[in-house]
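So the structure is just underneath, and the comments pick up after that.
The values are calculated or read from the model by the stated rules, or taken from the named source; none is laboratory data. This one's a predicted model, so the numbers in the text were calculated from it and none came from an experiment. We place every Cβ from the backbone using ideal geometry, glycine too, and count neighbours over all the protein chains shown. When the accessible area is computed, the model is the full protein with side chains, heavy atoms only, and any ligands, DNA or RNA have been set aside. Shrake-Rupley method; radii C 1.70, N 1.55, O 1.52, S 1.80 Å.
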Amino acid sequence: MHQPFEGSQAIWMDCGIHAREWIAPAFCQYFVRQILQTYKTDAKMEAMMTNMDFYITPVLNVDGYMFSWKNSSTRLWRKNRSPGPSGDCYGTDLNRNFDANWGTIGVSSDCNSDIYPGRGPISEPEAQAVTYFVGSRKEDFLCFLTIHSYGQLLLIPYGHPDFTASNYNELMKVGEEAAEAILKVHGKKYRVGTSPAVLYPNSGSSRDWARMQDIPLTFTFELRDNGTYGFELPQEEIQPTCEEAYSGALHIITYAHDKTFNGAAATAAALWTTLLALGVHLM
Amino acid sequence: MGLRRAIVLVALMEVTWSLNVTTIGPETVSTDASAHPEPAEENTEQKEAAAAEEDVMATGELNPNHYPAQRAAKLVQHYLNARYGSPYKLFGLKEVHSGNAEEVADSGRKYQLEISVHEIISNTKEKCSAEVFFPSGAKQLSPQVQVSACEEILKLDAKSEEQALYQQYKTNKTVRTEERLPDSYGHIDPEMTPFWHLSIVASSFIMLKESTENTLYNVAQVANITQLATENDQLKFDCHVLLHEMVSQEIPQWKLLFTWSPAEGVKVLHTEQLPHVHEFEKRAKPN
């Protein structure tokens, strides 16, 4: 319905960087289904889908995810499945492998560790793929969301405690508004703040890398729950979790859209695209 | 591209540009692809320290949403479960309202917290006050927790269900799990749920003992729980649990031997941490 062309604004969402966080890939699928349903009847969603491209990666860490489905003893795998430097360890934590203060804090040099950042920044094919794809179009991206579990958190850059995003106030404001939207759905409280403040310091995350590419609105979502079921979230919580997370994500995306495509410009852009399409038929 | 189409495009471009489409962000800094984030005004001298260890510990009034108060508050959950938990009574930390931390000269750090605690099975909530003390020094002493002002939630009565379960498993039945609790899909057989709760209660002793200001523990999964012969009127269990430590993201594994009765609650007899084994990689001898 919308022909992507060079320089069109875009939204990025990835799920499943960490294999065991199964609710995340479920959410990406829910999100895609939801926007494809909603745009048919909701003018705002229709405008957003006309004006922006949505890039959704439902399972970024495919190898790790498949491994976590193998049997009950692999269920809690986190990393990818790259062979380690020696013969007897596997996996790099993809969310420590990006080129953003790589290897400085919140990592371990032990290749058995669940926070092993790899042999070097972007040593892993999954991180390379994102870096290349997003990096080669970075001016286009308005928003970069990365979905994880668990903890009920909305985390903003940076993971390193010594660095503050230039738009920290904006990120906190939009984050708090998104948390409010989430609360309204099923009463679940999501805490908002930088990773070092709210959770723990870290480095090499996809979100930090994205912010360093000047993508202004970058958030990490940590979905349900708070530790009762943890990674093995029960089936009956999938739908409500996705509903509330959708509400939060939509708030951020709408904000990003409205900042760029304010009112008349949005209509003009939509009109332009329609006429272009018409023009194609007229030729 | 056809001339007509090019003209249409140009005309529309005039319209769009004149409406002043703002680009990304109010104060975007350098567009250099390898731009480094802007350093914070304060804390530049901590750059070296930050690379190695945690920052200087937060003291005084704490932000209740930040990790120091949250990690201390989690200990209150582990304490309440260890002390008052049962197959039909399990506590969760609902919210931290306020917190305060202070150094206690030469012995450790003390947190004062106002929190809301939630009894998961009856779904009741109550506000509590708590004090959490993290001892310092090389000896690795356990943290200490004291709770006040939350009598209602502790008085919650599950005595009849507890008695029924106790009688059933003292004589007639025996537990030996086939599946992990929960299984990979978050599912627990309803008949196993009280034993899932019991395993969490027993694990809370470990989580309380092992916790520091730099950790946050939850039970990730119960690998198995087996009932052994009843001893001194206490049901006796052997279980293998997988914990999740949030900061390291590791899954420490523990074996526990514990007893339970409605009268005595959970008593942990023996604990053993299992080595960090990657069963899949260590393709030792095929079994």
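A few points about this structure:
- Only protein atoms count toward the accessible area here, which uses a 1.4 Å probe; on region A:9-280, the carbon and sulfur part of that area reaches 56 percent.
- Both radii are taken from the alpha-carbon atoms of region A:193-238; with Rh as the Kirkwood radius, Rg/Rh is 1.08.
- Subtracting the Cα-Cα distance of A:Lys173 and A:Trp69 from 0.36 nm times their residue separation leaves 33.7 nm of extension gain.
- Each chain gives up part of its surface: A and B jointly bury about 5800 Å² of accessible area, both sides summed, for a 1.4 Å probe.
- Between region A:118-137 and region B:95-133, the Cα center-to-center distance that results, in Å: 42 Å
- Among A:Ser203, A:Ser86, A:Ser166, residue whose mean-square fluctuation peaks in a GNM of chain A (springs only between Cα atoms under 10 Å): A:Ser86
- Cα gyration tensor shape of region A:1-131, rounded if a/c is under 1.5, else prolate or oblate by comparing a/b with b/c: prolate
- Cα shape, region B:153-207, gyration tensor, a/c 1.5 rule: oblate
- Isolated Cys in chain A, by beta carbon distance under 4.7 Å: A:Cys143, A:Cys242
- If a spin label sat at a point 7 angstrom from the Cα of B:His270 along the line to its beta carbon, the backbone N atoms of region B:214-239 nearer than 12 Å would be those of B:237-239.
- Per residue, the accessible area of region A:188-227 comes to 15 Å², computed with a 1.4 Å probe over protein heavy atoms only.
- On Cα atoms only, tilt of A:23-38 relative to the major axis of chain A in degrees: 10 degrees
- On Cα atoms only, tilt of A:264-282 relative to the major axis of chain A in degrees: 80 degrees
- P(r) histogram, all alpha-carbon pairs of region B:190-270 included - 10 Å bins from 0, percent: 19, 50, 25, 6, 0
- Largest first, the residues A:Arg81, B:Arg83 sort by 1.4 Å accessible area into B:Arg83, A:Arg81.
- Carbon and sulfur %, accessible surface of region B:112-239 computed with the full protein complex present, 1.4 Å: 47 percent
- Values of log10 I(q)/I(0), in the order q = 0.07, 0.09 Å⁻¹, for chain A under a Debye, Cα-only, solvent-free model: -0.26, -0.42
- Student exercise, region A:9-280 dipole from Lys, Arg, Asp, Glu Cβ charges, in Debye to nearest 20: 180 debye
- Distance from the alpha carbon centroid of region A:143-158 to that of region B:158-202 works out to 35 angstrom.
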